[in-house]
Amino acid sequence: MTENQDNLELNERLTLIESMIAEGRRGTESWGWTFVLWGVAYFIAIAWSTFGRSTWAWPVTMIAAFIVTTVVASRRTHNRPGTTLGRAVSSIWVSMGISIFILLFSLGISGRADEHTFIAIVGAMLGGANAASSIILKWKMQRACAVVWWGSAAEACFGSDRQNEIVFLAAIFFCQIVFGVYAMIADARQRKQREAAHA
């Protein structure tokens, strides 16, 4: 009898863990818009710094993206209860964002960063954040984004300037914009299913 109870208890725990992971993934899908926003912000900063030759392109664009993210996020999450997985995933992204901003802002002001270093740092940090999130959420699509970012980081150490630009732009497009749109579509489907179930 105790073996059956142990098996039942173990199955209940596994079901709970699986439902928590699914809820965490749904929560991350609802943040798909931030991936798109930051992908567009990267493209704007790249275009501005390349064609406008401004050293302020990245700091101004990143601060603007941060402000938009903070304002929209505060309105969206005001009445939603937080989950443990949600807090874990958001802490990864907030920590990465602060780290990357401080490092790149300091390198930019000091003049000690070149394009190869910049791409290697951004690729490695975004790869790490995507990997950590994908491990927590067991999400293969986000794991693929981590691999692409890590690939761009490694390529930046060995490739030519032109190769770096192409690989970095492709990584932004696929790992920010395409992944963000994918998450937004998945979120919209989930909301439709919930609305249909409640109707």
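The values are calculated or read from the model by the stated rules, or taken from the named source; none is laboratory data. What you see is a predicted model, and the numbers here were worked out from it, not measured in a lab. Here the Cβ positions follow ideal geometry from the backbone for every residue, glycine too, while neighbour counts run over all protein chains shown.
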Revision key, fill the gap. Reported set for segment 155-173 where residues are surrounded by 15 or more Cβ atoms within 10 Å (Cβ to Cβ), in a helix (DSSP H, G or I) and more than 16 Å from the chain's Cα centre (by Cα) is E155, A156, N164, E165, V167
Exercise for review: Give just the number: which of (1) crowded, with 18+ Cβ neighbours inside 10 Å; (2) without any contact (Cβ under 8 Å) to a residue 60 or more places away in the chain does L137 not satisfy?
Suggested key: (2)
Practice item. Answer yes if at least one residue in segment 116-129 is of a type in the set (S, T, N, Q) and either within 18 Å of W38 (Cα to Cα) or surrounded by fewer than 14 Cβ atoms within 10 Å (Cβ to Cβ) (or both), and no otherwise. Key: no
Practice item. Among residues belonging to segment 50-61 that are assigned to a helix (DSSP H, G or I) and free of Cβ contacts under 8 Å to residues at least 40 places away in the same chain, point out the one that is farthest from A170 (Cα to Cα). Key: V60
Point to revise | Tabulated pairs, segment 30-49, first without any contact (Cβ under 8 Å) to a residue 24 or more places away in the chain, second assigned to a helix (DSSP H, G or I) and polar (S, T, N, Q), C-beta under 8 angstrom, 6+ apart or interchain | key: I44/T61; A45/T61; W48/T61
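Mind listing whichever residues of segment 90-139 are among the polar types (S, T, N, Q) and under 12 Å from the mean Cα position of the chain (by Cα)? Full working, then the answer.
Looking only at segment 90-139, we keep the residues that are among the polar types (S, T, N, Q), and these are 90-91, 95, 99, 106, 110, 117, 130, 133-134.
S90, S91, S95, N130, S133, S134, listed by residue number.
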Review point. Which residues, taken from segment 137-152, are at pLDDT 90 or above and of a type outside the set (A, V, I, L, M)?
Key: K140, Q142, R143, C145, W149, W150, G151, S152
Review point. Within the bounds of segment 63-73, is there any residue that is small (G, A, S), modelled with pLDDT of 90 or more and touching a helix residue (DSSP H, G or I) at 6+ places or on another chain (Cβ under 6 Å)?
Key: yes
**Study point:** Enumeration of residues in segment 83-102 that are surrounded by fewer than 16 Cβ atoms within 10 Å (Cβ to Cβ) and either assigned to a helix (DSSP H, G or I) or without any contact (Cβ under 8 Å) to a residue 24 or more places away in the chain (or both)
**Key:** T84, R87, A88, S91, V94, S95, I98, S99, F101, I102
**Study point:** segment 108-136: number of residues that are of a type in the set (A, V, I, L, M, F, W, C) and at pLDDT below 85
**Key:** 2
Check your understanding: Looking at segment 153-199, which of the residues that are of a type in the set (K, R) and more than 23 Å from F43 (Cα to Cα) is modelled with the highest pLDDT?
Key -> R189
